[in-house]
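The block underneath contains the structure these notes are about, expressed in structure tokens.
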Amino acid sequence: ETLPPHVLVLFGATGDLAARKLFPGLYRLAAAGRLPEEYAVVGSGRHSPGTDDEFRDQVREGLVETVGDDLDDDVAADLLRRTSFQTSDADDGSDLAEAVRQAEDDLGGADADVLRLVYLSVPPAAMEPMIAMLGREGLTERARLVVEKPFGLDLDSSRSLDAALKDVVEEDQVFRIDHFLGKEAVQNILALRFANGLFEPAWDNRSIASVQIDVPEELRMEGRGSFYESTGCLRDMVSTHLSQLLGFVALEDPRELTEQAVRDAKSAVFEALEPLDASRVVYGQYDGYRDEDDVDDDSDVETFVALEMRVDNDRWRGVPFHLRTGKALAETRRTITLRFKDPGSGLLHSGGDGGDEPNELVLELTDDPIITIDVRAKRPGPELTLTEARFHLDLADDVPDTPENKPLEAYERLLLDAMRGDQTFFTRADEVDRLWQVIQPLLDDRPEVHPYEPGSWGPQAAIDLPDGGWRLR
Ligand code: BG6
């Protein structure tokens, strides 16, 4: 596959995301020969990191830190050679526009049909004015815009952001990124469900009692205090990543792997979400959060959310989906658990000495997907009594470890998809709008924020949310 020439414009190029994910993603694509033959990267931001060479040194340091000893110096040098920096802000993007045109000329100019990939890794408040600037400067022509979450801060501001986008580009130019959708293990949910006869027939309310989407994190603010103060856990994780996971778990068979089919199917799930029941929502804040850098002394921002969602359609009516995530928790995991109902047979009663636990299908969304299924089996011995047993699948063990089978990191994949113009794993305006509608009541009437101990599983009030407790505990 050869991609057309590209100029990549990275706003927020000196920020955390660029250093940890975007440049490493580009580097990996370059190392695998997946970038266009002709491309240039123009970093941008309000503050200059110094000369181009100083910027390149800074990017290189980031690569050394993230890629480590495997860093191929030639590949890195080639990427850096194509990389430059130009300051810009929402009021004035003329120098940037000039730099982009210059880069295009260097790639062959008008005849080369150079495409632009504009990556907006900027805070919510800066997003709209930046988009207007791109329009004014003509930078939206031949461009795809990658927009980072949280896509506004509430329903109104997200609609206004959307209107700002529609003023300057078409929806097929907008790539709203939710990097969870770029994870191997998340895309594997579709493979598991729709390529196997084993699971799909049991994938509904006749068989499934409840679903848990659980993404606890040990990490704390790590310098992101001011971002977090204006965002909070609900917007940072729940209305974005966790809801998107719910979408993949719950969607109807899209029948084909097209952007329209997959996103229609996911969108239908969000349409069917019931209004949240405020008594089934728990907010928490870890002790010590207020002492973090750039955090208010009496901040009320939630660093933990657990809540129940319900999908009101024939497949899922009656099945609670429990979502939980937070910072400074006991473990870092990304786990989806489907808890199955009892088959209701009188044949085997658990004798109380094993076999009490329900069947659970557990998807660990790690780099190499891991799937376990907890089942009941006959305990060896003279009596037909039960014990617990487990199927365990680690995809890394089953797939030969060849360069072609190397998993792509989420940002790496999504940058590639965006350059290909494939929106399948990006979120669409209607999905985002619907998710804001669902959570807006929590913004209007904030739940009480319970304190919790760092290293715990969150506030006590959240522990009992699912019947039978959380899988992770
Ligand atoms: C980001 C959130 O989008 O996702 C972070 O802003 C969170 O708060 C991160 O830690 C988790 O991503 P991953 O890929 O490490 O699971």
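Any chance you could check the Cα centroid distance between the range 13-50 and the range 85-161 for me, in angstrom?
15
Find the Cα radius of gyration of the range 74-219, compare it with 2.2 N^0.38 Å by division, and give the number to two decimals. It would help to have the intermediate numbers written out before the result.
On the way: Rg = 20.7 Å, N = 146, 2.2 N^0.38 = 14.6 Å.
Normalised Rg, Cα atoms only: 1.42.
How far is helix 410-420 tilted, in degrees, relative to the longest principal axis of the Cα atoms in the chain, given as a value from 0 to 90 rounded to the nearest 10?
It works out to around 50 degrees.
Taking Cα pairs under 8 Å and at least six residues apart, what relative contact order does the range 350-450 come out at, in percent?
On the way: 91 pairs, mean separation 18.4, N = 101.
Relative contact order for the range 350-450 comes out at 18 percent.
For the modelled label position 7 Å from the Cα of D74 along Cα-to-Cβ, which residues of the range 33-57 have backbone nitrogen atoms closer than 19 Å?
33-39
Just subtract the alpha-carbon distance of R315 and L198 from 0.36 nm times their residue separation and send over the number in nm, one decimal.
Numbers: separation 117, 0.36 × 117 = 42.12 nm, distance 1.70 nm.
Net length gain for the segment: 40.4 nm.
Along the Cα-to-Cβ line of E218, 7 Å from the Cα, sits a label point; which residues in the range 328-346 have backbone N less than 15 Å from it?
Under cut-off, by backbone N: 328-334.
Take the Cβ-Cβ distance between A112 and E141 as r, set R0 to 22 Å, and report the resulting FRET efficiency rounded to the nearest 0.05.
Details: r = 14 Å, r/R0 = 0.65.
E between A112 and E141, to the nearest 0.05, is 0.95.
For the chain, what is the percent of antiparallel DSSP beta bridges, rounded to the nearest 5?
Antiparallel bridges: around 50 percent, rounded to the nearest 5.
Explain nothing, just the number: relative contact order of the chain, from Cα pairs under 8 Å at least 6 residues apart, as a whole percent.
The normalised contact order for the chain reaches 17 percent.
Greater than 27 Å separation of Cα atoms is the criterion. Which listed pairs, K21/K327; K149/K327; K166/K327; K378/K406; K341/K378; K341/K406, meet it?
K166/K327; K378/K406; K341/K406
Whose amide H sits under 5 Å from the amide H of V9, counting only residues 5 or more places off or on another chain, with H placed in the peptide plane?
The list, which skips near neighbours in sequence, is V42, L117, V118, Y119.
For the charge dipole of the range 27-69, defined by +1 on Lys and Arg C-beta atoms and -1 on Asp and Glu C-beta atoms about the Cα centroid, which residue among L63, P36, G50 has the Cα displaced farthest towards the positive pole?
Comparing the listed Cα positions along the dipole, P36 ranks first.
Which far-off residues, 5 or more places away or on another chain, put their amide H under 5 Å from the one on Y452, with H placed in the peptide plane?
Q285, Y286, D287
Averaging the inverse of every distinct alpha carbon separation and then flipping it gives the Kirkwood radius. What is it for the chain, in angstrom units?
After inverting the pairwise mean of 1/r, the radius is 24.0 Å.
Under the Karplus relation 6.51 cos²θ - 1.76 cosθ + 1.60, θ = phi - 60°, what is the ordered set of whole-Hz ³J(HN,Hα) values for the range 39-54, x standing for Gly and Pro?
7, 9, 10, 10, x, 8, x, 6, 10, 6, x, x, 6, 4, 5, 5
Separation of the range 291-321 and the range 166-201 by C-alpha centroid, Å?
22
Assuming R0 = 60 Å, what is the FRET efficiency of R101 and D154, from their Cβ-Cβ distance, to the nearest 0.05?
Once rounded, the FRET efficiency stands at 0.95.
Using r as the Cβ-Cβ distance of V64 and T402, and R0 as 30 Å, what FRET efficiency do you calculate, to the nearest 0.05?
0.70
Return P(r) of the range 43-113 (all Cα-Cα pairs; 5 Å bins starting at 0; whole %; ordered from short to long distances).
Values per bin, smallest distances first: 3, 15, 20, 19, 18, 13, 8, 3, 0.
Just to confirm my numbers, what's the Cα centroid distance between the range 412-473 and the range 206-230 in Å?
With the range 412-473 and the range 206-230 each reduced to a Cα centre, they are spaced 7 Å.
When averaged across all projection directions, what area in nm² does the alpha-carbon convex hull of the range 387-435 cover?
It is 6.9 nm².
Apply the Karplus curve 6.51 cos²θ - 1.76 cosθ + 1.60, θ = phi - 60°, to the phi angles in the range 24-35 and return the couplings in whole Hz, x for Gly and Pro.
x, x, 5, 4, 5, 4, 5, 4, 8, x, 9, 7
Taking the Cα centre of the chain as origin and charging only Cβ (+1 Lys, Arg; -1 Asp, Glu), how large is the dipole, in debye to the nearest 20? Don't skip to the answer; put the middle values down first.
Numbers: 50 positive and 98 negative charges, 310 e Å.
Using Cβ point charges on Lys, Arg, Asp and Glu, the chain gives about 1480 debye.
Translational diffusion coefficient of the range 325-473 at 4 °C, 1.567 mPa s, Stokes-Einstein with Kirkwood Rh over Cα pairs, in µm²/s as a whole number.
65
May I ask what percent, to the nearest 5, of DSSP beta bridges between residues of the range 63-190 are antiparallel?
Values: 0 of 9 bridges.
Counting DSSP beta bridges with both partners in the range 63-190, the antiparallel share is about 0 percent.
For R20 and E54, compute 0.36 nm times the residue count separating them, minus their Cα-Cα distance, and round to one decimal in nm.
Between R20 and E54, full extension yields an extra 10.5 nm.
Relative to the longest principal Cα axis of the chain, at what angle does helix 155-168 sit, 0 to 90 degrees, rounded to 10?
40
Arranged from highest to lowest average of other beta-carbon atoms within 10 Å per residue, in what order do the peptides 23-32, 44-53, 413-422 appear?
Details: 23-32: 22.1, 44-53: 14.9, 413-422: 20.1.
Peptide ranking by packing, descending: 23-32, 413-422, 44-53.
How long is the gain from E170 to R333 if the chain were fully straight, where each residue apart is worth 0.36 nm and the alpha carbon distance is subtracted?
55.0 nm
Under the Kirkwood approximation applied to all pairs of distinct alpha-carbon atoms, what is the hydrodynamic radius of the range 232-374 in Å?
Over the range 232-374, the inverse of the mean reciprocal pair distance is 18.0 Å.
So who's got an amide H within less than 5 Å of the one on L3, skipping anything under 5 residues away but keeping other chains? H placed 1.01 Å off N, in plane.
Residues meeting the criterion, in which the H sits 1.01 Å from N, are E37.
No value in this document is a laboratory result; all are computed from the given coordinates. Keep in mind that this is a model prediction, so the values were computed, not measured. Please note: Cβ atoms are built from the backbone with ideal geometry, for glycine as well, and neighbour counts cover all protein chains shown.
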